[in-house]
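Peer 1: Below is a structure I'd like to ask you about.
The values are calculated or read from the model by the stated rules, or taken from the named source; none is laboratory data. These numbers come from a predicted model, not from an experiment. Heads up, the Cβs are rebuilt from the backbone with ideal geometry, glycines too, and the neighbour counts pull from every protein chain shown. Note: accessible area is taken over every heavy atom of the protein model, side chains too, but ligands, DNA and RNA are not part of it. Shrake-Rupley method; radii C 1.70, N 1.55, O 1.52, S 1.80 Å.
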Amino acid sequence: MQPNRLDQGGLIDRGRPLQFTFNGTAYLGYQGDTLASALLANGVKLVARSFKYGRPRGIVGFGAEEPNAIIQLGRGGETVPNLRATQVELYDGLEACSVSGWPSLDLDLTSLFGLVGRLLPPGFYYKTFMWPRRFWMAYEHFIRKAAGLGKAPDTADPDIYDKLHQHCDVLVVGGGVAGIQAARAAANAGARVIILDEQTQLGGMLLASHSEVNGMPALDWVAGQISELQGHARVTVLTRTTAFGYFDHNFVAAVERRTDHLGLSATSASRQRLHRIRARQVILASGAIERPLVFANNDLPGVMLASAVQAYLNRWAVAPGRRLLLVTNNDSAYQAALDWQTAGREVVAVLDTRPGSNGSLPKAAEAANIKVYRGYGLVEAKGGKAVAGARIASLSADGQSITGAIQELECDLIASSGGWSPVVHLSSHTGNKPRWDDEKGAFVPGNSLQNFLAVGASNGEWNLKACISQGYLAGQAAARAGGFDSVDLESPVVNIKETIESAQQAVFLLPHEMPTSRAPKQFVDQQLDVTAAAIELAAREGYQSIEHTKRYTALGFGTDQGKLGNINGMAILANALGKSIADTGTTVFRPAYTPTTFGAIAGRDVGELLDPERYTAMHRWHERHGAKWENVGQWKRPWYYPQAGETMLEAVNRECLAVRNSAGMLDASTLGKIDIQGPDAAEFITRIYSNSFLKLEPGRCRYGLMLKEDGMIFDDGVTACLGDNHYLMFTTTGGAAAVLSWLELWAQTEWPELQVYFTSVTDHWATTTVSGPKARQVLERLGTDIDLTPAEFKFMDWRAGTVAGLAARVFRISFTGELTYEINVPAHFGRYIWEAVYAAGKEFDITPYGTEAMHVLRAEKGFIICGQDTDGSMTPDDMNMGWAVNRNKAFSFIGKRSLERSDTTKGNRKQLVGLRTQDAATVLPEGAQIVNSLNETIPMRMQGHVTSSYFSPILGHSIALAVVKAGLSRMGDTVYCPLADGQTVAAKIVPSVFYDPSGERQNV
Amino acid sequence: MLQIYCPYCREMREEEEFSYSGEAHIKRPDNPEALSDEEWGDYLFFRKNPRGLHCEMWQHTVACRRYFNVVRDTVSYEIHETYPIGSQPSKMTDAALGSTD
Amino acid sequence: MQKYSAFGLLRHALSHHENWPAAWRSPDPQSNYDVIVVGGGGHGLATAYYLAKNHGIRKVAVLEKGYLGGGNTGRNTTIIRSNYLWDEAAQLYEFALKLWEGLSQELNFNVMFSQRGVFNLGHSLQDMRDIERRVNANRLNGIDGVVLNPAEIKEKIPLLNCSQSSRYPVLGASWQPRGGTARHDAVAWGYARAADALGVDLIQQTEVTGIRVVNGNVTGVETRRGFIGADKVACVTAGNSGVMAGMAGLRLPIESHPLQALVSEPLRPCLDTVVMSNAVHGYISQSDKGDLVIGAGIDRYNGYGQRGSFSVVEHTIQAICELFPAFSRVRMNRQWGGIVDTCPDACPIISKTPVGGLYFNCGWGTGGFKSTPGSGYVFADTVANDDAHPLAKPFSIDRFYSGALIDEHGAAGVAH
């Protein structure tokens, strides 16, 4: 039984009944219903309790403007909070419940707040809860309990979302009659067109009306045009798609709900899709939203927009009541009364605030024997949990005061209309301010920075015939602006019965016999319980800018973003201040037009696709050998390779000792590699690095420090001279991309006269580093035609040759301090050479080692890691690396001048030193702060911090690198590290090279 | 969401293909050592940061990797023109910029 | 000033709230002031308040081109913390945090400072080193801070994805329990009301169009309503600092960028603290109204448009969905942008200038809101004494010549 369902009419399929539940009660609706239309069909009036006062609330609108009917859909991980019942398409098995009301919607104890509502004016929380001083957290705990609408899911989203990047000549936002004409005209002129609409089908307001065009129902008239668009090769029609944001350079973001009308979660493919649309021209045909009138108790269930009554009747064949009382300040709303009567229901009366109207619709209403009270207002709605009647009174000619006695009328439905508000949201996203048009009684789009045209109701045009021609002309104009010549210049011939429409009256708040401050609540923003009295209070307290008023009262901050309330609120403020609406300000809308699913905005770039994972050619081998991973930039690098039963420390110690005592192998493929060529390559590198590369000969390598122009270390690495005018620069793994851009910046913008070219070859080469005293023997076993004798292949040499049958480049550089060969082969041989090295090294017990062991080994040698031992505030001298700076170069290399500034030359800068803990077994935490004395009180004078710290298995004690103020002149001093756990570790300042200080081991 | 014309690729491309690289037409001093700390600090850190037309550099990072200049309005975000490194903005923009340095 | 209290509320309720006085006057400008503060945001209003209260300078005007608190004060994500890395910054922000702790009572206006704690997540070994370093430094500076492991984090933030198999797993976090959030508008309004009560003229809708300098000393400002004389002019115009400096022939090492933020629809309480992640670029808290308040990264290009690029919003929401996979089905309600003036070292400038009687307080980047009381306090002191407050000294403009930068990029909360 659907008591409010009409026997015929509507765009619903009575042959497809659908079951659903609301707050646990089962109901039936039809295919084509929204949850709201189905609830109204079933006579459900109470759908929510208000947020502040717990007042009963019903459905007001029929689309994006709905402030009250906010529901929670479904349960568990698939639940969706805060949907508007008016926009939820009904499907079989749908489960929904209210997001408010405790313990139940019907018996809501929070409504007790309503009884003390007078104690809760806007801003009351700014004036209270301040004592005792520490108690705000306790107050807040209870305030938060009352906050919020629906519940977030508590598990991960099971659905996926995707994105399409769209380009078109003309984007038409809104598939109403104006938008359809625009799309047709543009497409016919040769433009590629996208037309989108948030509803299930195109047609816009025609879906809810009985207008006629060319002697036929308007909906039938556009049906042919819609199928023409759908079949057009240059036109993409997107329904269930909301353009929610309009961004710079004609970029529009729109979300398509692909499966929400079928069920809670998508059974296949994506649930929603984000269309990222770049359009040459945008046509906004987004329609208008009716504005309610504000009167006392206007929030009772059973008070609706006139347009909503009309839409429920005509589109969904639902009459949400029996006896309608309509109140209006304009002609258009009369159509709702006429339709209501046509549906066989009683129109109690129409209250028209205007003294008179010559319009066609009012005349038609009177001709249909509808009782019209001219010059009347609705003073107050009556009823408990639903409308039962209304108090009415005659008004002064301007509609601002009551002139006659109060009368009472009985009714169970009140429809109101205060005129229409064009949907100017998208146009204002781009920074243009809507302009108040007194004649239209509405904000219309202002001047724009973007290439868009607003047409139809969204431009304040209410006449159907005018909307049709405006749309068509805009479509042509947009196509022409995009370079397409129109083929048919005539707009379509339409024949619509001419009507006369009288002007609406500038009435927003209907007067009550008591002043606003004392009248029963007159709601402006129902979702946030903002009343007319609240707005007047804000003005009284000095919150007179519209932005202050909105922020003080929360007007417009709901999930409907004030689609119904903002303009009424502004008008009430203007009245309180004695200003015009235009002088009171404008209304700025932000994206999103309607709330938009985070998942859809994120798209596929979540989970493992959040950021690409980069693997070396040897990745699977590491995986198979049990590597634990370290993320280094996007790269996955083996961190260490634990064997069965080993702790991390045991594994790292084993790996370190293997390198020191025999041989280890490291996958160094991730280091950045930039191929540099050109006659000026050496000069360029010498300008970029702190040292000189002018005399570097083919076959030789040199370590370099790269500084930013502020003198601070930015990156480091070895550069090899591959041949005349040809170099290979190694960078840190994380710095590779930034270094390449840095080189290009200088080469292209500052020194274009230098002939030098860069190619990133990081991914082209796989690097297997063999390190340890047995490294040479491993290479011999591996088989190479390179002469490995120390005299022929020295430290800091590189050689090309054949290794294990592959063409390879072998670099004798070392980050461990041991004899080291870095074997580079084309990446697709990486796995092969790695396994070959592993096999050749077997008799030396060659041990794969990861980044952790690498860090320990290099720290034993005092080698820095950029980004760990430096932090963007360290100069080469700070790192005790003055040896890598050549101050005598002819060219003032990048960063050099900054090294001479007063702060960079001062005496007590932090300098890199070593630390030895008093207790050899204690490993300092990296990041521990250093003080000179424990006798200081907080704040203590910190001298520096620990940058690197490990247990050195070869030395049998802990080692640390640290930066300490003037540390190089403080060798032997004892310093202290007070730790977070309350302990303090004493340590002695020592040189930063702990192992093989003379560097003999890498030179053998 | 900017859409930028790359003067090398000769196409309008999405902002995400590019990297912003700061104010354009800043010449590195020929002889840094001759500058005072103040003059050097000026070069290092002080920028025009205009409210209005701004000459700036972008790099077409994911494509040709070329740096180029853009005249963009920092309020409207409208791009007036893009032009290669080493050249100057057109006379029209020049007039709008109100300076020629 | 009529004192706000629960009893006052009751009394006014009985008269239907018809007799509430205005929170501040709307005076016409006088011809001359001791100090003109340019910019009626939180910092400017706080500066005026402390000039009047701490220094007895009551002939003060605040000139605001729009409405009070209409710039970044009303646009930020309201996070308050003091766990900065370097001593200079940490001490300044901690000074501000201590003022926050008594601010509602000081101003007799509830700014709803909610000390719900702030988490900075670490996702790499280097993140964790940096977190250790920062927390250790904080503790020795007298600032609360703890390093937590993933299990401890999960206990406090149940919906956070602490899976070690995620792309960039949470390895740990720093936690500052005294950090939290406040109600941004209330800060501006509270200072405005308290300053007004001390005689400060708050003059809205009055844009400064020029700074008059005679013989190297400031004499007043040109405005849309004519010239207003002043012995001292203090500029606190975030988002417009460079333009203001230009009026006095000065340049600043500042670039202005869009910074975006967004909120979800209101939800029942599901996040009781503030969570920030530098590595995946997002930060989030839940307002008392129930909205998830989410901050995005800074847009790279210069911009005064109070809006940025959608791709930044996309990246931010990706980060939030990664950190909180359950929020993927939650919806974005509103998204907006502010203009942040950023210095090369992500620290502010609180400084005298070469022009006598002209002072600048700017370049707070993303750190402005949390510093509001401290910034106003030390700036008022600097203006009143024509000498930098000890906490303000390191933030002079001279550091960009000497090289004594205070590089807080790591702690500034967003990737610059």
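Peer 1: What do you get when you divide the Cα radius of gyration of region A:356-490 by 2.2 N^0.38 Å, with N the number of residues?
Peer 2: 1.50
Peer 1: GNM on chain C, C-alpha springs below 10 Å: top fluctuator among C:353, C:372, C:316?
Peer 2: Checking each option, the largest mean-square fluctuation is seen for C:353.
Peer 1: Sticking with this one: Protein chains only, probe 1.4 Å: how do A:655, B:33 rank by accessible area, largest first?
Peer 2: Result of the area sort, largest leading: B:33, A:655.
Peer 1: Give the accessible area for residue A:810 in Å² (nearest 10); use a 1.4 Å probe, count only protein heavy atoms, and leave out ligands, DNA and RNA.
Peer 2: Near enough 0 Å² of accessible area.
Peer 1: If you don't mind, another one. Please list A:541, C:18 in order of solvent-accessible area, largest first, computed with a 1.4 Å probe with all protein chains present.
Peer 2: C:18, A:541
Peer 1: Mind listing the long-range amide H neighbours of residue C:41? Cut-off is under 5 Å, sequence gap 5 or more, other chains count too, H placed in the peptide plane at 1.01 Å from N.
Peer 2: C:69
Peer 1: Let a ≥ b ≥ c be the square roots of the eigenvalues of the Cα gyration tensor of chain C; is it rounded (a/c under 1.5), or, if not, prolate (a/b larger than b/c) or oblate?
Peer 2: prolate
Peer 1: Same structure again: Is there a pair in A:52/C:3; A:708/C:98; A:636/A:708; A:145/A:579; A:163/A:673; C:3/C:289 whose C-alpha atoms are over 31 Å apart, and which pairs would that be?
Peer 2: From A:52/C:3; A:708/C:98; A:636/A:708; A:145/A:579; A:163/A:673; C:3/C:289, over 31 Å: A:708/C:98; A:145/A:579; A:163/A:673.
Peer 1: Express the relative contact order of region A:765-843 as a whole percentage, based on alpha carbon pairs under 8 Å and six or more residues apart in sequence.
Peer 2: Contact order relative to length: 40 percent.
Peer 1: Further, regarding this structure: Can you tell which of C:22, C:137, C:380 shows the greatest fluctuation in a Gaussian network model of chain C with Cα springs below 10 Å?
Peer 2: Comparing C:22, C:137, C:380 in a Gaussian network model of chain C, the most mobile one is C:22.
Peer 1: Restricting things to Cα coordinates, could you compute the convex hull volume per residue of chain B in Å³?
Peer 2: About 116 Å³ per residue, rounded to a whole number.
Peer 1: To continue, here is another question. Given the convex hull of the Cα atoms of region C:103-245, what is a quarter of its surface area in nm²?
Peer 2: Average projection, Cα convex hull of region C:103-245: 13.8 nm².
Peer 1: Something else about it: Over region A:903-992, with the other protein chains present, what is the accessible area per residue in square angstrom, probe 1.4 angstrom?
Peer 2: 39 Å²
Peer 1: Can you return the lysines within cross-link range of residue C:232? Criterion is Cα-Cα under 20 Å, with same-chain partners fewer than 8 residues away left out.
Peer 2: C:53, C:59, C:65, C:352, C:393
Peer 1: I've got another one for you. What distance in nm separates the two pseudo spin-label positions at residue A:1004 and residue A:760, each 7 Å out from Cα along the beta-carbon direction?
Peer 2: 3.9 nm
Peer 1: Now for a different question. Within the accessible area of the protein assembly as shown, what % is carbon and sulfur when the probe is 1.4 Å and the other protein chains stay in place?
Peer 2: Taking all protein chains in place, the protein assembly as shown shows 51 percent carbon and sulfur surface.
Peer 1: Can you give the accessible area of residue C:31 in Å² (nearest 10), computed on protein heavy atoms with a 1.4 Å probe?
Peer 2: Looks like 90 Å² after rounding.
Peer 1: Excluding same-chain residues fewer than 8 positions from residue B:48, which lysines have a Cα within less than 16 Å of its Cα?
Peer 2: By straight Cα distance, residue B:48 reaches B:27.
Peer 1: If you project the alpha carbons of region A:858-1003 onto their three principal axes, what span does each projection cover, largest first, in Å?
Peer 2: 52, 43, 24
Peer 1: Can you give me the orientation-averaged projected area of the convex hull built on the Cα atoms of region A:672-763, in nm²?
Peer 2: Projected area, direction-averaged: 5.3 nm².
Peer 1: In nm, what is the difference between 0.36 nm times the number of residues separating residue A:341 and residue A:480 and their Cα-Cα distance?
Peer 2: 45.4 nm
Peer 1: Further question on the same structure: With every protein chain in place, what's the accessible area of residue A:262 (1.4 Å probe, Å², nearest 10)?
Peer 2: Answer for residue A:262: close to 120 Å² accessible.
Peer 1: Quick one: among C:125, C:97, C:51, which has the greatest mean-square fluctuation in a GNM of chain C with alpha-carbon springs under 10 angstrom?
Peer 2: Top of the fluctuation ranking is C:125.
Peer 1: A follow-up question, please. For labels at residue C:215 and residue C:386 in the simple 7 Å Cα→Cβ model, what's the distance in nm?
Peer 2: Distance between the two pseudo-spin positions: 1.3 nm.
Peer 1: Alpha carbon centre of region A:880-908 versus region C:109-141: separation in Å?
Peer 2: Each part's Cα centre sits 35 Å from the other's.
Peer 1: In nm, to one decimal, how far is the modelled label at residue B:13 from the one at residue A:502, with both set 7 Å along Cα→Cβ?
Peer 2: Roughly 6.3 nm, to one decimal.
Peer 1: Related question: Nearest 100 Å² is fine: how much accessible area is buried between C and A, summed over both sides, with a 1.4 Å probe?
Peer 2: 9900 Å²
Peer 1: Rounded to whole Hz and in sequence order, give me ³J(HN,Hα) for region C:221-231 from the Karplus expression 6.51 cos²θ - 1.76 cosθ + 1.60, θ = phi - 60°, writing x for Gly and Pro.
Peer 2: 10, 8, 9, 5, 9, x, 7, 10, x, 7, 6
Peer 1: Does region A:765-843 come out rounded, prolate or oblate, given a ≥ b ≥ c as the square roots of the eigenvalues of its C-alpha gyration tensor, rounded meaning a/c under 1.5 and, failing that, prolate meaning a/b above b/c?
Peer 2: Judged from the Cα gyration tensor, region A:765-843 comes out rounded (a/c under 1.5).
Peer 1: Show me, bin by bin at 10 Å from 0, the whole-percent P(r) of region A:516-588 based on Cα pairs.
Peer 2: Once binned at 10 Å, the Cα pair distances of region A:516-588 give 23, 60, 17, 0.
Peer 1: Further question on the same structure: Two-decimal Rg/Rh of chain A from alpha-carbon positions, Kirkwood Rh?
Peer 2: Value, to two decimals: 1.11.
Peer 1: If the cut-off is 21 Å between C-alpha atoms, which lysines fall inside it for residue A:774, apart from same-chain ones fewer than 8 positions away?
Peer 2: Here the lysines satisfying the reach criterion relative to residue A:774 are A:794, A:842, A:861.
Peer 1: With helices defined as uninterrupted DSSP H runs, which ones in chain C have an alpha carbon span along their own long axis of at least 24 Å and mean Kyte-Doolittle hydropathy of at least -1.0?
Peer 2: Qualifying helices, which must be both long enough and hydrophobic enough, are C:368-385.
Peer 1: Right, here's the next one. Rounded to the nearest 5, what % of the DSSP beta bridges within the protein assembly as shown are antiparallel ones?
Peer 2: If I count the DSSP bridges inside the protein assembly as shown, around 75 percent turn out antiparallel.
Peer 1: Another question, then. Over all alpha-carbon pairs of region A:13-124, lay out the pair-distance distribution in 10 Å bins, whole %, shortest bin first.
Peer 2: 15, 43, 29, 10, 2, 0
Peer 1: Kindly write out, for region C:113-121 in residue order, the coupling ³J(HN,Hα) from the Karplus curve 6.51 cos²θ - 1.76 cosθ + 1.60 (θ = phi - 60°), rounded to whole Hz, with x marking Gly and Pro.
Peer 2: After applying 6.51 cos²θ - 1.76 cosθ + 1.60, I find 6, 10, 7, 8, x, 10, 9, 10, 7 Hz.
Peer 1: When a/c is below 1.5 the answer is rounded, else prolate if a/b is larger than b/c, else oblate, so apply that to region A:482-605 with a ≥ b ≥ c taken from the square roots of the Cα gyration tensor eigenvalues.
Peer 2: oblate
Peer 1: How do A:866, C:347, B:64 stack up against each other in accessible area, from largest to smallest, with a 1.4 angstrom probe?
Peer 2: Largest to smallest exposure gives the sequence B:64, A:866, C:347.
Peer 1: Related question: Per residue, how much accessible surface does region A:672-763 expose to a 1.4 Å probe? Answer in Å², no decimals.
Peer 2: Dividing the accessible area of region A:672-763 by its residue count gives 32 Å².
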